[in-house]
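Since every read-out is calculated from the coordinates, none of them should be taken as a lab result. On a predicted model such as this, the values are computed, not experimentally measured, just so you know. All Cβ positions, glycine included, derive from the backbone under ideal geometry; neighbour counts span all protein chains shown.
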Amino acid sequence: MRQQFLTATPLPFFLVLSAVLFGIAGYYFETFIPPILMLLIGAAIGIGSLLLFYLVFRLLGRLVNTLPLKFNASILGTLAALVLVKFTAFRWPDQVFYPAALLAILLLLLLYFSVKQVALSKQSTWAWGGIVATLTLVAVSLFWLQNEGSDPFEKLPPPFAETKVATLSSQGVANPATVGDYPVVTFTYGSGQDHRRPEYAEGVTYQTPTVDASRILPDWKGKKKKWRERYWGFGVDNFPLNGRVYLPEGIGPFPIILIVHGNHSMIDYSDDGYGYLGALLASRGFITVSVDENFINGHWSGDFRGKEMPARGWLLLKHLEQWQSWNQSANHPLTGKADLDNIMLIGHSRGGEAVSIAAAFNELPYFPDDARETFDFHFGIKGIVTLAPTDYRYHRQMKLKDISYLSLQGSYDADEVSFWGMRPYRRLTLSTDNEAFKAGVYLHRANHGQFNTTWGRTDFGGTMGWLLNTAPMMPAEEQQLAAQVFISAFAEATLHQDQQYIPLFENVAMARDWLPNNYYLTHLQTALANVLVNFEEDIDLSTAGEHRSIETGNLVVWREENLRTRDQGSQENNAVVLGWDYGENISADSLAYFTVVLPDSARLNIDTLGNLIITLAAGDPQWLEREEFPESNEKSPEILPDASIVLTDRDGRTARLVISSHKPIAPRLPTRFTKLASLDKDMIGAEWEVQPETFHFPLDSFKINNPAFNVQQLHEISLIFDQTTSGILVVDDIGFSPPL
């Protein structure tokens, strides 16, 4: 009797449980079907699914019972080990790891049985076929993992193809990426006690004191404290001031530039990766220091996850204090070398957020997170540069004022996948009596790591890097050359007051002979720019700020929206989206238009306004929401949107300019970060996000079109969509800027 009870099945009881649970779920699953009927449907699904699983597991059980215990244990042990390595070290996404692990097990089983068959001297075609198939699949898999991938979006219109603007070099401006006239001396300074890094121990030229960051980084505790102090030999109360110096030979004083790395592995030192910038900038008369902050980077023992951001910025200011001490020391070899009223900070990744923090802390009397820590810095920080920065690690957002700013971002950055550097750009305000300016550059095909020569092409660490699609990326030397051009030009304009380099950011085509052939979407705003419309003030589509109104006609898309990042986060920027669709032919009687109407009191001083500025980007043609839309072809470029800009004065006189006659609107720049499109969607987000650029249209070009037009009596600014039969255009920041 007992044996019969043990061999009986409790399946009927479990069927009742499954029917009840699925029935309840069906009852509350809201559809157009009555709830009672949904309850019955749910119960039937519950019974059916349980019976199906029951049959599958019975079949598996029979198979298992025919195999030796050792065989079953080896498979179960392998599965357990794979799950363990997945959760501890092998960070592949589930949708890749588990199918790959299952395939590996099946292939090994096939190989096992095939080898066993051959070993028993049984000539079997299937056994040799199994061996060959297994080895072939392994070879194909390894090849797929190790190759660079492919570029599904290679058919883009060539950059600079239609531009007619004169280059800066043709106007006598020297390439900012050429080596300058100063010989360069390199050396290090530091604590002199670093037992991990000889260049900051016995290799230092000048020994520096340590600094106490206990109040700046209170999260230095627990296992992070234990393992870091065991590795480095120092703690938060005696952080070193370590730096690599690229010093121009000469009397000085020279402007000084500090470069700080971002969050990389603590034991894969990052500060040596900016020598290509340091040597160039020093040769052009800038003391350049690559600052070592590796000791607060991530490690297997923990990542501070942004709580270290104040320390990253504060340490830069402590380095400047050290240079101030040398400047003021009698008979020191560095006495008077650094011009501390003429400083620029460059930061990469989290370092890019840190330089904004440093610039903000520079003006404060107290540490905002703990007033017991007093500040008294007040150095002459004139500019900051951010390379693929974060803008969300520190719990405070920095709002800077009257400081020049440049941010560079790559479209193939798999670490910081959106242009976060444009958020501090928009928060930064410039006084009209200030010579500062702000700029941004979006570099297509640039990644995160190649801004640092030691980080490389794989922005994902470890085995995750095998999944990256690196084929579309710029070569490292091209990405670093582009960085040299933009950063050196910015330094010349900011620290040497050489204004002839600013037009590079107004129209990058002026530097097409200096730069690798690529798309560079640029922004530029000077202190004297007058932005009339930025779409930030309210949700009323018919208004555009104080006393300005909007008029439209024949648009099929007209909305204002907050521009989204790839992962549907916020770019912290509102813009207007405009769409038109005429079908086969453009009709002059039904042209779509978008007009900003200025108040009668508006008076513009033509002597101070040289350019009409509009920020533009191509939108997604799918936003037209046609009932039938042709399938997109990744290999074929889409038609770029274009329009006429029409200015109308109060007497009704008009002047017209076609956007593409000045510079074509850049195409959308889609990306494929990983070798599998489905992985991009899950890990990165959309294959594309709106990245506008600022257009500067010379007002003289409008006056040539109609000399009678009076821009000082400007009444309307219109976009007339008369160049293409359909299109989507994203528009932002309409206004005027002075001539450069």
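Work through the residues other than Ile403 whose Cβ is under 13 Å from its Cβ and net out their charges, Lys, Arg +1 and Asp, Glu -1.
Taking every Cβ under 13 Å from that of Ile403, the sum is +2.
Taking the simple approach of a point 7 Å from Cα along Cα-to-Cβ for both Gln622 and Glu249, what is their distance in nm?
That separation, rounded to one decimal, is 6.0 nm.
Could you go through region 472-487 in sequence order and give the Karplus-derived ³J(HN,Hα) for each residue, using 6.51 cos²θ - 1.76 cosθ + 1.60 with θ = phi - 60°, rounded to whole Hz, and x for Gly and Pro?
x, 6, 4, x, 4, 5, 6, 4, 6, 5, 4, 4, 4, 4, 5, 6
For n ≥ 4 DSSP H runs only, could you compute -39500 (n - 2.57) per run for the chain, divide by its residues and tell me the 222 nm figure to the nearest 500?
Theoretical 222 nm ellipticity from helices: -9500 deg cm²/dmol.
Expected output is a single nm value to one decimal: the length gained when fully extending between Ser542 and Arg305, i.e. 0.36 nm times separation in residues minus the C-alpha distance. What is it?
81.0 nm
Go through region 25-134 and name the trypsin sites (Lys or Arg not before Pro) that are in a DSSP coil and have 11 or fewer other Cβ atoms within 10 Å of their Cβ.
When the trypsin sites (Lys or Arg not before Pro) of region 25-134 are filtered for loop state and at most 11 Cβ neighbours within 10 Å, Lys122 remain.
Which of rounded, prolate or oblate describes region 113-246 when judged by the alpha-carbon gyration tensor and an a/c cut-off of 1.5?
oblate
To the nearest Å, what is the center-to-center distance of region 514-592 and region 341-378, using C-alpha atoms only?
A separation of 35 Å, based on Cα centres.
Karplus couplings for region 676-690 from phi (6.51 cos²θ - 1.76 cosθ + 1.60, θ = phi - 60°), rounded to Hz, Gly and Pro as x?
Listing the rounded values in order: 10, 4, 5, 5, 4, 4, 7, 9, 10, x, 5, 6, 7, 9, 5 Hz.
Could you work out how far helix 222-232 tilts from the main Cα principal axis of the chain, as a 0 to 90 degree angle to the nearest 10?
Taking the Cα atoms of the chain, the angle to 222-232 is about 70 degrees.
Label-point separation (nm) for Glu229 and Leu103, each offset 7 Å from Cα along Cα-to-Cβ?
Reported label-point gap for Glu229 and Leu103 is 4.8 nm.
Relative contact order for the chain using alpha-carbon pairs under 8 Å, separation at least 6, rounded to a whole percent?
11
Want the number for Ser660 to Ser74: 0.36 nm per residue separation, take away the alpha-carbon distance, what's left?
204.3 nm is the gain from fully extending Ser660 to Ser74.
Tell me the net charge near Glu561. Cut-off is 13 Å between Cβ atoms, Glu561 excluded, with +1 for each Lys or Arg and -1 for each Asp or Glu.
-4
For region 244-338, run through the GluC sites (Glu not before Pro) and keep only the ones in DSSP coil with at most 16 other Cβ atoms within 10 Å of their Cβ.
Glu249
With the crude spin-label approximation of a point 7 Å out along Cα→Cβ, what separation in nm comes out for Trp144 versus Val185?
5.8
Could you give me the ³J(HN,Hα) list for region 340-351, computed from phi with Karplus coefficients 6.51, -1.76, 1.60 and θ = phi - 60°, whole Hz, x at Gly and Pro?
7, 9, 9, 10, 10, 10, 10, x, 10, 6, 4, x
How big is the gap, in Å, between the Cα center of region 27-94 and the Cα center of region 234-301?
The two parts, judged by their Cα centres, are 54 Å apart.
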